[in-house]
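A short write-up of the structure that comes next.
Nothing in this text is a laboratory measurement; each read-out follows from the coordinates by a stated rule. As the structure is a computational prediction, the values presented were derived from the model and not from experiment. Positions of Cβ are generated from backbone atoms using ideal geometry, with glycine treated the same way; all protein chains shown enter the neighbour counts.
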Amino acid sequence: MKIIKDPVHGYVEVSADALALLDSPLIQRLRYVRQLGFSHLVYPGANHTRFEHSLGTMHLAQIFCRLLGLDLEQERLIAAAGLLHDIGHGPYSHATEQLMAEFCGHRHHQVEDLIRGDAIAGTLEALGLDAREVCTVIEGTHPLAGIIHGDIDVDRMDYLLRDAHYTGVPYGTVDAHRLMRSTILSDRGLVVTESGINAAESLLIARTLMRPAVYFHHVSRIAERMIQFAAYEHLSRIGLDACGRMMRLDDAAFFSELLGSPSDTARKVTRMIYARRLYKRALYVGKDLVHIPSLMNRTGIAEGRTIAAEIADRAGIEAWQVLVDIPPFPSPMSMGVQVKNRHDLVDLDEISPLVKTLNETRKQQWRMGIYTLPDHRHRVEEEATDVLHIKKPTKQDRLLV
């Protein structure tokens, strides 16, 4: 066993199992994949990686397993899943998730094919761990998957604490240990006891406050849409079947390939990101100014390019100079667990009115963005408003831009 000093959790114990897995290329690659994509363009300290997050998740998973009274074999299984849970991420993490989903047909947590096609499967078997069972924990289908992939999961606890630490944004503070100590494993899954209600609420509050401040910060979103557009232009030239290979690159290799793309547009936009010459917001509107149901049918990458081309044509500029960003509308937030209240098990939102308030807050935080070069903002705003049937922004809405 070794000890690693972590800036968030202090000293992290690395077991013999973890040591056997750590040197695999799949995990070492995570050293070179930023946890927060392009958030470093907003928060200069946000250069932490998926590697350290994976170590932190494994660390919390081990603690949680012991608090839940799981046996050693179950702990070994969950700890391995915690260490491996992010190996499926593409370059710049969530910045390339939509490319992966649309052109590779899977998301980052669907790792069975990745593990089976790598030597790490043999390492797991040599450790007496079933590679397929590890995958079911990561993918969320195992009975104990809620520890890693659920509503009170250690993945979320670690990234909220870690992202808050490296960005300097204080909203991600979560009382992780209190929450874990107040959780029990029942035949209906993870259950929070009455003593853990405040800790559970703190997790939901942190998720809500970190969304606009970090995860959906407009500068990060713009840079992510730019790299997604550059990658799409590149793949359109070399073939969409190359997407799978590109999703296995680290950040530097991915960026380098785009800088050398046969697409002039891909090269140009990638160089703009490097120099931090980003697109600006022509429109940035919330749910009250748009028709959400119709927009949710137009969230695909190709569809976004169609909309962008129409707006650009009407504005008299080139199509590459407009980007459309239609994020998924936030689903209602629920712990997905129940609170043990005397002898009854009830949903958290039945006890805590705060949950309803936070869900409404998340809806109000949603923004659709239309981005363009600085000189074209007003023309693009006018044409996008017409193309997407957006209600005219009020003075207050304009202040957000």
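Rounded to the nearest 10 degrees, the inclination of helix 154-167 to the longest alpha-carbon principal axis of the chain is 50 degrees. Helix 72-84 axis versus longest C-alpha principal axis of the chain: approximately 20°, rounded to the nearest ten.
Measuring between their Cα centroids, the stretch 178-216 and the stretch 1-79 lie 20 Å from each other.
Counting other Cβ atoms within 10 Å as a rough exposure proxy, the listed residues Arg156, Arg298 run Arg298, Arg156 from fewest neighbours to most. Highest mean packing first, where packing is the average number of other Cβ atoms within 10 Å per residue, the peptides 355-365, 277-287 line up as 277-287, 355-365. Peptides 72-78, 321-327 ranked from most to least packed, by the mean per-residue count of other Cβ atoms within 10 Å: 321-327, 72-78. Within a straight-line Cα-Cα reach of under 13 Å, Lys391 can be paired with the following aspartates and glutamates, leaving aside sequence neighbours fewer than 8 residues apart in one chain: Asp288, Glu381, Glu382, Glu383. Listed from fewest to most Cβ neighbours within 10 Å, the set Ser236, Ser39, Ser182 follows the order Ser236, Ser182, Ser39. Charging the Cβ of each Asp and Glu at -1 and of each Lys and Arg at +1, and nothing else, the dipole of the stretch 2-184 about its Cα centre rounds to 540 debye. When the trypsin sites (Lys or Arg not before Pro) in the stretch 166-207 are filtered for DSSP coil states and for at most 16 other beta-carbon atoms within 10 Å of their beta-carbon, the remaining sites are Arg188.
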